[in-house]
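Just below is one structure, and these are the notes that go with it.
The values are calculated or read from the model by the stated rules, or taken from the named source; none is laboratory data. Keep in mind it's a predicted model, so treat the numbers as computed, not measured. Reconstructed Cβ throughout: ideal geometry from the backbone, glycine too, with neighbour counts over all protein chains shown.
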Amino acid sequence: MSQYVHAQQLVQHFEGWAPKSLAVEGDKNGLMLGTLNKRIKKIMVTLDVLEEVIDEAIEEKVDFIFAHHPLLFRPVKQINLEKAQGRIIAKALKNDITIYAAHTNLDIANGGVNDMMAKALGLKNTQILAPTSTEKLVKVVVFVPKSHQVEVREALSKAGAGHIGAYSHCTFNSEGIGTFKPLEGTNPYIGEKNVLEEVEEVKIETIIPEAKKSRVIRAIVASHPYEEPAFDIYPLENEGNTYGLGRIGEISQEMSLKDFAYLVKEAFHVDGARVVGDLNKTIKKVAVLGGDGNKYLATALHKGADVIVTGDVYYHMAHDVMMEGLSIIDPGHHVEKIMKVGMSDFFQKMIADHHFQTEVIISKVNTDPFQFV
């Protein structure tokens, strides 16, 4: 095995947790620039891809940038080297830097940006603020000789099968007799050509999210001793996990809006925050949503939040919800920078688990366009 992780392996591992299918419609995710057909020596995690970030990557000899905000969000009509975007593209290509972005799928994923923000604020009993999708589930039934049942069950679990709530390895197993006759051109694991065989087998039943079907099928084929594994896949009416934007929960101790605003500043390491509402108001139930939260102010109000922590709030939207009793703390869009440490930890664990020597660093460039004076 190479000492460096392959880009496709890295991306597959990430998308196993935060698949692109979680992203909101029309969002831009995935490969932005370069190739995934290479080994990676050095990864840099950043919130935004600015020219200063590319210069930093070149200086640090980075060959893979993982960003939260997409470099190419709108169609590129020209690559003009007199413009910053053109120079970014040219510099990245010249220095063989692959750029990959995970936007709203990283916001929505369990443990993603919104959960990172909720954790930083100390929220308890958190729930999804604005659901966006619910997993479709399917049942997988695999027939395997008794001698290989443990190996196949473990492969299924590692591929994402059999997870129900906080439980893993959930299967049902029943024994029976399997029959088959190997024909000409086969190379049977058990039996002889043109002879009907009867084998003691175990039927393993489990459930998987439909999105993981291809991965689970690959796991069956790889772990099963037969050259033609027998398995069935059935659609289910059961609903799987619900995913969505934002989180809503409670702080451990009530406090004033003013005190909570200072807590937000400290948690997200910002110099200031815009606050809407009575500073003496008591805060207990808190909604949080990274990025632009204007579309979800009414949702937070409807779900009983005392305050929502989000960015880019419009003047008239603030008026509307303030009159309805919802307070707002706007520490800016840039607080999503919390993902830099979170994703660095994620990649470092994956690399350590597989004993790769790929290095992971965090961009030191401050990409927040706003300053307080």
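When you scan segment 165-174, do you find a residue that is in the same structural domain as Glu151 (by TED's automatic domain parsing) and touching a residue at least 40 places away in the same chain (Cβ under 8 Å), even just one? The answer is no, given that none of the residues of segment 165-174 is in the same structural domain as Glu151 (by TED's automatic domain parsing) and touching a residue at least 40 places away in the same chain (Cβ under 8 Å).
Scanning segment 309-350 for residues that are small (Gly, Ala, Ser), more than 26 Å from the chain's Cα centre (by Cα) and assigned to a helix (DSSP H, G or I) returns a single hit, Ala318. Against the condition within 23 Å of the chain's Cα centre (by Cα) and assigned to a strand (DSSP E or B), how does Ile361 come out, does it pass? Judged against the criteria, Ile361 is a match.
Does Asn114 satisfy the condition of being surrounded by fewer than 19 Cβ atoms within 10 Å (Cβ to Cβ) and of a type outside the set (Gly, Ala, Ser)? Spelling it out, it is not the case that Asn114 is surrounded by fewer than 19 Cβ atoms within 10 Å (Cβ to Cβ) and of a type outside the set (Gly, Ala, Ser). Among the residues of segment 156-178, those that are surrounded by 10 or more Cβ atoms within 10 Å (Cβ to Cβ), of a type in the set (Gly, Ala, Ser) and within 18 Å of Glu239 (Cα to Cα) comprise Gly160, Ala161, Gly162, Ser168. Here Thr186, Thr206 are screened, and the one residue that is polar (S, T, N, Q), touching a residue at least 12 places away in the same chain (Cβ under 8 Å) and buried (at least 19 other Cβ atoms within 10 Å of the Cβ) is Thr206. Among the residues of segment 59-88, which ones are among the aliphatic types (A, V, I, L, M) and over 21 Å from Asp368 (Cα atoms)? Listed by number, the residues that qualify are Val62, Val76, Ile79, Leu81. The set of residues in segment 7-48 that are under 26 Å from Asn95 (Cβ atoms), surrounded by fewer than 18 Cβ atoms within 10 Å (Cβ to Cβ) and among the hydrophobic types (A, V, I, L, M, F, W, C) comprises Leu31, Leu33, Leu36. For segment 112-136, what are the residues that are within 19 Å of the chain's Cα centre (by Cα) and either part of a strand (DSSP E or B) or of a type in the set (Lys, Arg) (or both)? Lys119, Thr126, Gln127, Ile128, Leu129, Ala130, Pro131, Thr132, Ser133, Thr134, Glu135, Lys136, listed by residue number. At least 1 residues being more than 24 Å from Val288 (Cα to Cα) is the threshold, and among the helices (runs of 4 or more DSSP H) wholly inside segment 33-111 those reaching it are 51-59, 84-94.
Across segment 235-262, the qualifying residues are those that are loosely packed, with under 15 Cβ neighbours inside 10 Å and touching a Ser or Thr at 6+ places or on another chain (Cβ under 9 Å), and the one among them that is nearest to Asp107 (Cα to Cα) is Thr242. Answer yes or no as to whether Thr134 is β-branched (Val, Ile, Thr) and modelled with pLDDT of 95 or more. Against the criterion (β-branched (Val, Ile, Thr) and modelled with pLDDT of 95 or more), Thr134 does not qualify.
One line per residue, one yes/no per condition, for (1) hydroxyl-bearing (Ser, Thr, Tyr); (2) in the same structural domain as Val276 (by TED's automatic domain parsing); (3) within 23 Å of Glu52 (Cα to Cα):
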position: Val341; (1), (2), (3): no, no, yes
position: Phe346; (1), (2), (3): no, no, no
position: Met350; (1), (2), (3): no, no, no
position: His354; (1), (2), (3): no, no, no
position: Thr367; (1), (2), (3): yes, no, yes
position: Phe370; (1), (2), (3): no, no, yes
